[in-house]
Amino acid sequence: MQKKKTVTLSVLVSVLVILIFSVFGLSLFSTTPAVVLPSPAGSAEPSGGGTGQETGGDYTPVEVTVSNVQAVVATLAEDRSESYQRTLTVETFWDGGSSSVTVNIWEDNGLVRQDIYRSGQDTRHVIMSSDTVYVWYGSGSDFYSGPVGSFTSDAEQRIPTYEDVLNLDPASVISAGFVERDGFSCVFAGTSDDSSGYVRRYWVDVASGLLVSAETEKNGALVYRMTSQKISGISSADSVFSLPDGTLLGQSSAG
């Protein structure tokens with residue numbers, strides 16, 4: 001009789017252990033989320049409306065860490081969207097004040113247009129091809145044109161790109177992962193304080209390969225923020241890439 005009770009007790013203990021493991025085991029042994037990237041064999045180009053969560057075909061799951069985040073971003077950049085439109089908000093903060101700039105961006109067939117809106121100022125229009133930059137203001141008919149040289153409107157408007165992530169000192173990257181940011185599924189990279197007290201954070205959209213958000217703090221205070229609205233295809237590229245005199249630049253690949 002005593003032996004039967006001992007066996008029964010052992011069975012109950014075993015069942016209890018199994019139940020505990022089934023309830024808590026998954027959380028105890030779970031890993032960080034993984035980003036799904038195109039494999040070296042190639043895959044369909046991501047679109048602005050996707051989530052980057054595909055699991056079939058030639059996609060390979062990759063866990064994002066501080067040691068590989070720059071390589072992951074470089075892989076995403078290889079298949080980044082080359083025809084799209086989006087709106088960015090660039091904010092600068094200082095003691096007692098702030099400023100905000102809205103930038104509408106179109107990119108297609110090697111052409112980039114940015115319309116920059118500042119409160120109380122005429123809209124600044126910039127179109128860049130591979131070798132020429134065109135600039136005009138408001139609805140005026142006069143425009144400037146000249147060689148691109150080292151000019152980039154991104155740098156002028158303080159708009160970071162995925163290249164800023166690639167150019168980070170690897171030793172400065174102290175946080176990385178896969179996160180949701182403003183409706184985008186993103187690869188995240190964050191830095192430690194530099195010698196001037198700046199901490200930088202970047203979010204790169206998995207679906208498009210574009211940098212969609214960035215923040216900079218100095219001594220713990222937010223001094224810069226860039227955010228992106230939804231990325232979409234270009235619906236009227238012909239009119240977008242035309243100059244005030246009606247000249248159409250390039251040959252759009254968009255429908």
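So here's what we get for this one:
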item: Residue among Ser145, Ser185 that alone is touching a Gly at 6+ places or on another chain (Cβ under 6 Å) and part of a strand (DSSP E or B); result: Ser185
item: Flag for Ile159 being aliphatic (A, V, I, L, M), within 23 Å of Gly97 (Cα to Cα) and not in a helix (DSSP H, G or I); result: yes
item: Every residue from region 38-76 that is at pLDDT 60 or above and within 15 Å of Ser185 (Cα to Cα); result: Pro61, Val62, Glu63, Val64, Val69, Val72, Val73, Leu76
item: Residue within region 158-169 that is of a type in the set (S, T, N, Q) and under 30 Å from Val64 (Cα atoms) present; result: yes
item: Strands (runs of 3 or more DSSP E) (entirely within region 57-137) containing at least 2 residues that are surrounded by fewer than 19 Cβ atoms within 10 Å (Cβ to Cβ); result: 59-63, 84-94, 97-108, 111-118, 132-137
item: Filtered residue count, region 194-207, keeping only those that are in contact with a Lys or Arg (Cβ under 9 Å, 6 or more places away or on another chain) and not in a strand (DSSP E or B); result: 3
item: Given (1) under 30 Å from Asp122 (Cβ atoms); (2) loosely packed, with under 13 Cβ neighbours inside 10 Å, number of the condition Ala171 does not satisfy; result: (1)
item: Residue match in region 182-204 (condition: within 28 Å of Leu249 (Cα to Cα) and either in contact with a Pro (Cβ under 6 Å, 6 or more places away or on another chain) or surrounded by fewer than 20 Cβ atoms within 10 Å (Cβ to Cβ) (or both)); result: no
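The values are calculated or read from the model by the stated rules, or taken from the named source; none is laboratory data. Nothing here was measured: the structure is a model prediction, and the numbers come from that model. Virtual Cβ from ideal backbone geometry, glycine too; neighbours counted across all protein chains shown.
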